[in-house]
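I have placed the structure first, in the form of structure tokens, so that the comments after it can refer back to it.
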Amino acid sequence: MMIMFHCLLIDEKVNICVGFSEIDVFLAKFKKMDHPREIGDWTNISVLGSGGFGTVLLWRSNTTNEYIAVKKCRIQCQSSLTSRQKSRWKHEVEKMKELCHPNIVKHKPLPPFLEEELNKFNPTKLPLLSLEYCDKGNLRHTLILPENLRGLKEESVRDLLLDISGAVSYLHQRNITHRDIKPENIVLHTWPERERGVIYKLIDLGYAKELGDATVSFVGTLLYLAPEIFSNQYYDCSVDYWSLGVLAFEVICGVLPFPAIMGTAERFRAIKNKGPEDICVYKSILGNLQYSTQLFKEIWISTCLKDHMEVWLRKALQFNPTLRSAPFPTTLNIFNQLNLILRKRILTVFSVYRYEFYSYEFDECTRLSTVRQWIARDTKIAENDQLLLGIIDFDNCDDQTLLIHCLCEYHWQILLTHRDASRKRV
């Protein structure tokens, strides 16, 4: 009998070659056909995602137009699952029902009759996990868009990192370590209350674990994995700091700090050999490894935010977990320090005259006269020669006017030009 082979890549951990006979293929197709398309007034709209063990289906009520995502075990035979896999699945379902945070996808109870019918097509009898539906897909889909090849815009970076760090902090307060923070486990949902209309939520607690002091087990996704997990050492919740740092670098720069083009062992050696201040490694044109303590220049975020994030990343991406867990000089932990950074007010000034961006950190006491002094220092355009353009007429503002009164909330950008635009370029 003819044998067909299909290769699967699961979380970059291992390539598995699985043989299917013609009968197996026929039975697999039959099982898919046997899965109900409709149950009562509920319709199966699509498959939202599929991983090593689970498949997430989207259901919609034709009566109320309500959506619900249902995660079920994709393994067809219960005997094919180990006791550890079953335990992990049940643990995720139980935890998701207990958690309540705006940036963690919420458990959403299934209507009893829908749950009863779905369980008829659930041969493993493992509990179904029903969740709220987030309508804008996962973060990976956003990152691969052409406009995001150099990372996300500053406003999106702020929103995303505030949301996800808040979710991880919430888990840690309950002694839960996620252990698999990555773009595929972050989903976007429409959120009219926010100016940019999007809220970010953490999903998939399949690898989450309640940690006391330390543990040893190899789980997670290699590119986001803390080095102590990879080297099979004891670890604690600081493994999430590392993954959050990798994520932060990626959403800011559009690429990973430790590239996937390296082999697994080579990447680990590069990480192990980096200095305590290094936050990324890359290969030069000649193929040599180069280390850097800075984010790349070709990114969207302001220089002010870039400088603050580099300091934070040097902590989050410490190879030594003890140094990674140590508080900042401000005595703040890694979450509170990030929160402080992301909530800073930063004014971005675009000089039409020089075709350059400048950025300045300000607070509620900063006066317009101070900003003009900063601009004069950096652009060599005298204060009286500066023409500032924004949502208001700056010429009608006294120099003692507070800057915060000259700007709209979340719109901290102004244009700068020379009053005599025809004057020779400085």
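Summary table
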{"read-out": "Test: residue in segment 280-291 that is aromatic (F, W, Y) and touching a residue at least 24 places away in the same chain (Cβ under 8 Å)", "value": "no"}
{"read-out": "Segment 227-241 residues that are under 11 Å from V168 (Cβ atoms), paired with ones that are among the small types (G, A, S) and in a helix (DSSP H, G or I) (beta carbon under 6 Å, 6 or more apart)", "value": "Y241/A316"}
{"read-out": "Selected residue (only one of L188, L202 is at pLDDT 60 or above, closer than 20 Å to A316 by Cα and not assigned by TED's automatic domain parsing to the domain that holds K97)", "value": "L202"}
{"read-out": "Test: residue in segment 302-312 that is touching a residue at least 24 places away in the same chain (Cβ under 8 Å), outside any helix (DSSP H, G or I) and surrounded by fewer than 20 Cβ atoms within 10 Å (Cβ to Cβ)", "value": "no"}
{"read-out": "Members of segment 103-135 found to be over 22 Å from N65 (Cα atoms), out of contact with any strand residue (DSSP E or B) (no Cβ under 6 Å at 6 or more places or on another chain) and either charged (D, E, K, R) or surrounded by 19 or more Cβ atoms within 10 Å (Cβ to Cβ) (or both), listed by number", "value": "K120, K125"}
{"read-out": "Cross-chain or 6+ apart pairs with Cβ under 6 Å, segment 153-170 first and under 14 Å from C253 (Cα atoms), then of a type in the set (F, W, Y) and assigned to a helix (DSSP H, G or I)", "value": "none"}
{"read-out": "Residues that are outside any helix (DSSP H, G or I) and either surrounded by 13 or more Cβ atoms within 10 Å (Cβ to Cβ) or modelled with pLDDT of 90 or more (or both), drawn from segment 215-244", "value": "T215, V219, G220, T221, L225, A226, Y235, D236, C237"}
{"read-out": "E12 modelled with pLDDT under 90, closer than 25 Å to L202 by Cβ and part of a loop (DSSP other than H, G, I, E, B)", "value": "yes"}
{"read-out": "Residue in segment 25-47 that is touching a Cys at 6+ places or on another chain (Cβ under 8 Å), modelled with pLDDT of 90 or more and among the charged types (D, E, K, R) present", "value": "no"}
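The values are calculated or read from the model by the stated rules, or taken from the named source; none is laboratory data. Model, not experiment: these values are computed from the prediction. Note that we place each Cβ from the backbone using ideal geometry, even for glycine, and neighbour counts take in every protein chain shown.
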